[in-house]
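So the structure is just underneath, and the comments pick up after that.
The values are calculated or read from the model by the stated rules, or taken from the named source; none is laboratory data. Because the structure is predicted, anything quoted here is derived from the model rather than measured. Note: ideal-geometry Cβ built from the backbone for every residue, glycine included; neighbour counts use all protein chains shown.
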């Protein structure tokens with residue numbers, strides 16, 4: 001991949017738990033780091049699907065984020081992280097590091113639906 005194709009800025013968020021002054025545990029996301037990425041719509045038959053819930057049909061698109069591989073990006077996980085891109089939060093559904101050439105990581109993610117709770121494990 002050409003370095004010039006990494007032309008979109010994304011932020012990797014970390015899912016954490018915050019304890020307020022009353023002792024309540026609240027989920028929150030903190031910025032872990034930001035990096036440049038090549039963002040595209042996933043190339044497959046299921047790249048765009050429709051889901052119906054409570055009588056409302058909504059299209060859900062799957063995006064692929066290609067980022068440079070380094071020690072920081074190798075720590076990204078599907079449970080503990082999500083992506084902030086153009087004001088929307090995307091849940092990470094798959095991570096594919098390139099162990100042979102060790103230069104890029106492909107991350108597959110879907111847009112978080114309104115009202116979805118943060119996954120904390």
Query raised in the report: In the stretch 2-29, how many are more than 19 Å from residue 86 (Cβ to Cβ) and not in a strand (DSSP E or B)?
Result: 8
Report task. Select from the stretch 64-112 the residues that are under 15 Å from residue 36 (Cα atoms) and in contact with a helix residue (DSSP H, G or I) (Cβ under 7 Å, 6 or more places away or on another chain) and list them in ascending order. Result -> 67, 105
Report task. State whether the residues of the stretch 30-47 include one that is in contact with a strand residue (DSSP E or B) (Cβ under 7 Å, 6 or more places away or on another chain), surrounded by fewer than 10 Cβ atoms within 10 Å (Cβ to Cβ), at pLDDT 90 or above and in a strand (DSSP E or B). Result -> yes
